[in-house]
Amino acid sequence: MTGSRAPTTSNPLERRVVRAVGLRIMPLLTVAYFAASLDRVNVGFAALQMNHAIGLSPSVFGFGAGVFFVAYSLFAVPGTLLLQRMGLSRGLGLVMLAWSLTSAATALVQGPWSFYVLRFLLGMAEAAFFPGTILYLGGWLPARARGRLLSILMLGLPLASVLGSPLSAALLSIGDGLGLRGWQWLFLIEALPALAVGLIALRMLPASPALVPWLTADARHWLTEQLRAEHASPHPKVLTRQFSWRLLAAPRVLALAVINIGAIAVTNGLAIWQPQIIRASGLTLLQTGVVNALPFALGCAAMYLWAWHSDHWRERRLHTALPLACGGLALGVTFLHVPLPVALLGFCVAVAAASMVKSPFWALATECLPEEVRATAFGHITSLTNIGAFVGTYAIGATVQLTGGYSAAMVPLMAMMFVAFICALIVGGRTPVTPITGEVS
């Protein structure tokens, strides 16, 4: 399926606004999303010491690490509504403080149940951040310019593993101090960036363009008119609950969710489990930190280049499907009892492939769904994707416990990628339907 390329910004006022927001607001939000991603996945490194210290089996760890995504799915919508009520700029700062304190509290876990509770609370605290950020930027940029800056935020998860892996390994190597183990210091110290950014956001994140001196009067007037035109669009703003449930059950929406699960379950699952798999090969903690960063560094570069290639050729279907097939085959290599360098190559290809899917997938989903149901459908896709990420993370732990080793650990993720590949070929080959009845299957 083909799509249209995003229009080039030619309006000097739009360029000025985008540049100002990019320099004044995006650095803070980008660091915040990086901190959120770090606090989400650092449990993978902590597990190298924590699991033995508090008695977590592989399946218990997989369930606890994955329950984050269940909470994320359940609280994304109500959390975002709460942010709107308290004011987005203030709310985002409070969310950052909430997840930083929750992540730091994970240093105090004593066993499975406290681990489950704190991971659930972390997912609940973080759930509103990304949708809240999208809404917040909606008050600063017209829709056509938003994607260029939001794409920067999407690099937060792989960058958290690239930069966080050596840091986490170094913190684990600290050893005991002040009555705390290395894994406890990891949670405490890595919570500090989110705490600092949250405090800065409460003081410095502006509530609206009208309150900042770095936008000129003509730029503010242009932005106000652009946003007013968007909000005055004739598309329905509210869908009934009955229609929302019908949309959730629509085959096309379900298929799109399966495609997204095939990518997200891999990046999140490997971010959480890969340190243990690499460490089991006999590497030191510091070596594990460096090696673990390689697949995600490749993923960052691959994500950007593949998104550019998809936009250049205006093609979405194969740009979504082919990486899923390649990633599934790469994960299959790890099932063959191969030495670490070969397994690492498989992880590099799998993470890069899963990262490459993200941009063309959302373009494909946009083209597959009628505009008036798109926002609701995207919400359903995101919720189902997080449930899928939980299933993938838990399934890895259950497989490790069942088989007694890591050789078959990637089978659940491999299966998810191949099913997603088939769905991408089918969904991408069908034409969009008319928006009259709301039927999307």
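The values are calculated or read from the model by the stated rules, or taken from the named source; none is laboratory data. The shown structure was predicted, so the numbers you read here are calculated from the model rather than taken from an experiment. Every residue, glycine among them, receives a Cβ derived from its backbone with ideal geometry; neighbour counts consider all protein chains shown.
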| said: Considering only region 373-390, I want to know if a residue exists there that is without any contact (Cβ under 8 Å) to a residue 12 or more places away in the chain and surrounded by fewer than 22 Cβ atoms within 10 Å (Cβ to Cβ). | reply: yes
| query | Quick one: would you say S355 is in the same structural domain as V258 (by TED's automatic domain parsing), closer than 24 Å to A160 by Cβ, at pLDDT below 90 and crowded, with 16+ Cβ neighbours inside 10 Å? | reply | no
| Which residue, of L298, L324, is modelled with pLDDT of 90 or more, surrounded by fewer than 22 Cβ atoms within 10 Å (Cβ to Cβ), in the same structural domain as M410 (by TED's automatic domain parsing) and not acidic (D, E)? | L298
| Given the conditions (1) closer than 29 Å to V70 by Cα; (2) out of contact with any Pro (no Cβ under 6 Å at 6 or more places or on another chain); (3) touching a residue at least 60 places away in the same chain (Cβ under 8 Å); (4) not aromatic (F, W, Y), which single one is not true for N292? | (2)
| query | Got a sec? Which of S151, S168, S161 is surrounded by fewer than 17 Cβ atoms within 10 Å (Cβ to Cβ), part of a helix (DSSP H, G or I) and either of a type in the set (S, T, Y) or modelled with pLDDT under 80 (or both)? | reply | S151
